[in-house]
Each structure stands twice: as C-alpha cells, then as structure tokens.
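These notes are about the structure you will find just below.
Values quoted throughout were computed directly from the atomic coordinates according to the rules given, and no laboratory measurement underlies them. This is a predicted model, so every value here is computed, not measured. Cβ placement follows ideal geometry from the backbone for every residue including glycine, while neighbour counts extend to all protein chains displayed.
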C-alpha cells in the first residue's frame, strides 16, 4: 500500500507539473521576452508600458475582453460554449431530477412535466441537426443621436 501511495503522488505531481506549472512558466516566459526584448527597445512602446507590471495587467485585461468579444460575435461559439448548456443540458438535468423526485414519491407526471420534456427533446433534435438553440447575448447599441440628449 505504501508503494502505491508513492506512485500515486508521483502521478499527480507529473500531471500537475505538465498541466499547470508548464503553462504558468510559458506565460511568464512569453511576457518577459516580449517586454524586455521588444517593448524596452522601442521608446514609443516603452511610453505606453512604462513598467513590466503595467504591461502584464493591460495585456491580461485586453485578453479577457477579447475572449468575451469573440464569444459574443460568433454564434457557433455560443452554440458550443454557453448555449447548449443553458438551453438544453442543465434544464434537462433539472427536469429529470424533478421527475425522479416525483417517482420516488409515487407521483405521476402531469401535463406540464411532459410539455417540458417535449420542449427539451425538440431542442436536442435541433442540436442534432446542427441548428442553434437560444439566442446569443444581445449587443448593446452604444451610439446615440441628438434626440437622446
């Protein structure tokens, strides 16, 4: 048993190192190389990013905003990422769990339960055909006219 414990620790260490530490070191390496070899050499870039910390913070904020925009702009990403989970998978889990509770209490399904299941089945059929369910987040129109004042 003691030998098995050691090998389990070794397995977890190798997976953790390969997944997390290697990613962190690669990110630090990329940020360091781009800042000290590129930004410090060009005065106009150095004026934008006076310190290494400011460069890292601005780059991190820009990346998260870019990821949000890509998700909103491409309906296919909506279908993959939040769409099918929020429109089909989790409502199906919820409905099935509600039905299991009724079955354990020896209750029968009512018409609304059956309608819920039929709606979810229709959405699953759409997904299987490659269609989209739900709507991506609506973009807010930030432009205004003279009337809005």
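I'd like to compare 84-96, 35-47: which one has the highest average count of other Cβ atoms within 10 Å, and what's the full order after that?
Ranking, from highest mean packing down: 84-96, 35-47.
According to the square roots a ≥ b ≥ c of the eigenvalues of the Cα gyration tensor, what is the shape class of the range 2-73, taking rounded for a/c under 1.5, prolate for a/b larger than b/c otherwise, and oblate for the remainder?
oblate
If I model a spin label at residue 19 and residue 57 as a point 7 Å from the Cα along the Cα→Cβ vector, what separation in nanometres do I get?
With each label point 7 Å from Cα toward Cβ, the separation is 3.1 nm.
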